[in-house]
1. If you go through segment 92-108 one residue at a time, do you hit one that is of a type in the set (S, T, N, Q), under 17 Å from the mean Cα position of the chain (by Cα) and farther than 18 Å from His37 by Cα?
2. In segment 69-105, what residues are surrounded by 15 or more Cβ atoms within 10 Å (Cβ to Cβ) and within 16 Å of Ile48 (Cβ to Cβ)?
3. Name the pairs: first residue in segment 45-63 and over 18 Å from Asp85 (Cβ atoms), second residue at pLDDT below 85 and surrounded by 11 or more Cβ atoms within 10 Å (Cβ to Cβ), Cβ to Cβ under 7 Å, at least 6 apart or on different chains?
Amino acid sequence: MAEKFNKTAINFSYVEKLDILIQSFQDRFSEFKKVKHLLDIFSNPFTISVENAPESMQIIDIQNDQDLRNKFNEGDLLNFYRCIDKNTYKELRINALKCASLFGSTYM
């Protein structure tokens, strides 16, 4: 006959492990909330509200540059950031490097 086991103890074991896992995810990804506005700029500098962007990033300038907008629309985000001028958009490039490094082990 099959061994009897305590289903309640097994269920509590899973619940405890799931609680730990949930807390781990919340702790790990809470950092993203702190940098959400910078990630938004990184993901699409053309749709970000100028009021929500740091002044040093020259969002107005890049949003009015049709050549860069066309490059962005080609779809390769990292290639887009390689194409922008290092001096003109220095802060924007620094932000892009920081944001891209968050996903270093992920295919983008």
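1. Scanning segment 92-108 turns up at least one residue that is of a type in the set (S, T, N, Q), under 17 Å from the mean Cα position of the chain (by Cα) and farther than 18 Å from His37 by Cα.
2. Within segment 69-105, Phe72, Leu77, Phe80, Tyr81, Ile84, Tyr89, Glu91, Leu92, Arg93, Asn95, Ala96, Cys99 meet the criteria.
3. Within 7 Å, no pair qualifies.
The values are calculated or read from the model by the stated rules, or taken from the named source; none is laboratory data. These numbers come from a predicted model, not from an experiment. Neighbour counts run over all protein chains shown; Cβ positions are idealised from the backbone, glycine included.
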